[in-house]
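This report concerns only the one structure given below.
What follows draws every value from the coordinates through simple rules; no lab data is involved. If you're wondering where the values come from, they're calculated on a predicted model, not measured in any experiment. So basically every Cβ, Gly included, is an ideal-geometry build from the backbone, and we count neighbours across all protein chains shown.
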Amino acid sequence: MNSLYILLIFIAVSILISVFILQSKWIVKINYQFPERNDLQISVFFYKWCVLRQKKVRISSQTEVEKGYLHFLKLLQQKRLHLSKELRFPFLLKEMKILEFKWWTKGGTGNAFTTSVANGTVWAVKGWLVSYLSRHLQFLVNPQIHVQPDFQNSSLQTRFSCMISFRLGKTILGIMRDLK
């Protein structure tokens, strides 16, 4: 009889822990700076407890990034890659909340004309991305994006900081809906 009670208590505690974990609030903080730090720093928080502190993900070398960019551009030109189809996770994205979004870029080519064209392109890409994210995610704060031209030098600097909040159970359900 005692073993039956112990088994029932074990099952009840397991169910409570599972429900607690599935309903838990997780926060992911992402920081990236180029060229000061050429790595992506990710911190994961379970409620307010830090579970994973600044896991550094090494970013590829510049030649590998250029190869990836050229391959991506070639797929877009051949119309074999459709951004609207590739970036669709509607049920998953609806459950996520953006707590912070800051993206600062400073760059130039050394030539005033090409610098202005490049900075306009960067503004357009950032604007499109923030617009896409604001349609599919809940921004709890206004996104802060900034592009500063450097007309005198040929350089590129960028800083990106983002905090995303989600509930694990709702995220799992969203992934299951997307897979169906």
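Which pairs break 22 Å Cα to Cα here: K48/K97; K48/K106; K48/K126?
K48/K106; K48/K126
Residues with beta-carbon under 10 Å from that of F45, excluding F45: net charge, scoring Lys, Arg +1 and Asp, Glu -1?
On the way: positive: K25, K29, K48, R53; negative: none.
Net of charged neighbours comes to +4.
Summing Lys, Arg as +1 and Asp, Glu as -1, what charge do residues with Cβ under 13 Å from the Cβ of S155 carry, S155 excluded? Don't skip to the answer; put the middle values down first.
Working: positive: K106; negative: E36, D150.
So the surrounding residues net to -1.
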